[in-house]
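The values are calculated or read from the model by the stated rules, or taken from the named source; none is laboratory data. Everything quoted here is computed from the prediction, not taken from an experiment. Side chains included, ligands, DNA and RNA excluded: accessible areas come from the protein's heavy atoms. Shrake-Rupley method; radii C 1.70, N 1.55, O 1.52, S 1.80 Å.
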Amino acid sequence: MTTAFETYELEPGAREKFDLLLGELARAYEAEGRLGGDEAVTALKSAIGRPFRRRPGRLDAGPLLEAACGLANALPIARRVLECASLLDWECWEGTGLAEDISSNLHTTELVGPDGHIYAESARVGLLVSERGTDYPISSHSGEETYLVIAGVAEWTVGAQDYTPQPPGSLVHHPAWVPHGRRTANEPFLGAWRWSGDLDLSSFSVSE
């Protein structure tokens, strides 16, 4: 992710919507019961009301985001995400070994963290929206990670497990360096993710 930021003054109504999104994500990760989840909760709560920044020239995931949030199975927090859609800077997720045609189907934004809209050094928390019919290959990274499934049923494999459908409301944990993958079928997917521990994004690589 880029580190070129501009301070951006939000209108009061927009600030309230963004802070409500952070608060709802904090409540969701409070249910995780792991140290990394607790670190994400602390980062999210501490971010409320703090200076907001943007990365110029980023992508707009609007149509894909609307499609995912409009699914019948979407959690109520999806409405909060849509309310903040115009505030969020998206980019295609890129990583070592990730094919361009897959990367172009994966739009991510970091809400809180070293590269987030709100700076934090202890954790990364963001969103990812994926096109339907996308096979995110088996990969691993140094940070331990947990996804909150917000909309769309994606299939996950973690370690040696078979691919298993994970409906909205699921918390899917990836321990550090444990290979994992995700695939979507006939509907898009929206999830929140948090990284804790080693936050080096360059550690990501696709397994051979």
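Numerical summary
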{"read-out": "Stokes-Einstein D for the chain, Kirkwood Rh over Cα pairs, 37 °C, 0.692 mPa s (µm²/s)", "value": "195 µm²/s"}
{"read-out": "Cα centroid of the range 18-39 to Cα centroid of the range 62-95, whole Å", "value": "18 Å"}
{"read-out": "J(HN,Hα) series, the range 162-169, from Karplus relation 6.51 cos²θ - 1.76 cosθ + 1.60, nearest Hz, glycine and proline x", "value": "6, 4, 10, x, 10, x, x, x"}
{"read-out": "Solvent-accessible heavy-atom area per residue, rounded to whole Å², over the range 5-79 at 1.4 Å", "value": "55 Å²"}
{"read-out": "Percent accessible area from carbon and sulfur atoms, the chain, protein chains only, probe 1.4 Å", "value": "50 percent"}
{"read-out": "Table column - 3J(HN,Hα) (Hz), the range 63-74, Karplus curve with 6.51, -1.76, 1.60, x for Gly and Pro", "value": "x, 5, 5, 4, 5, 5, 5, x, 5, 5, 8, 5"}
{"read-out": "For the chain: relative contact order, % (alpha-carbon pairs under 8 angstrom, 6 or more apart)", "value": "22 percent"}
{"read-out": "Distance histogram for the range 69-116 (every C-alpha pair counted, 10 angstrom bins, percent rounded to whole numbers)", "value": "22, 40, 34, 5"}
{"read-out": "Under Karplus coefficients 6.51, -1.76 and 1.60, residue-wise ³J(HN,Hα) of the range 83-96 in Hz, glycine/proline x", "value": "4, 9, 3, 6, 8, 8, 9, 10, 8, 6, 6, 10, x, 4"}
{"read-out": "Residue among Pro137, Pro76, Pro12 with the largest mean-square fluctuation in a Gaussian network model of the chain, springs linking Cα atoms under 10 Å", "value": "Pro12"}
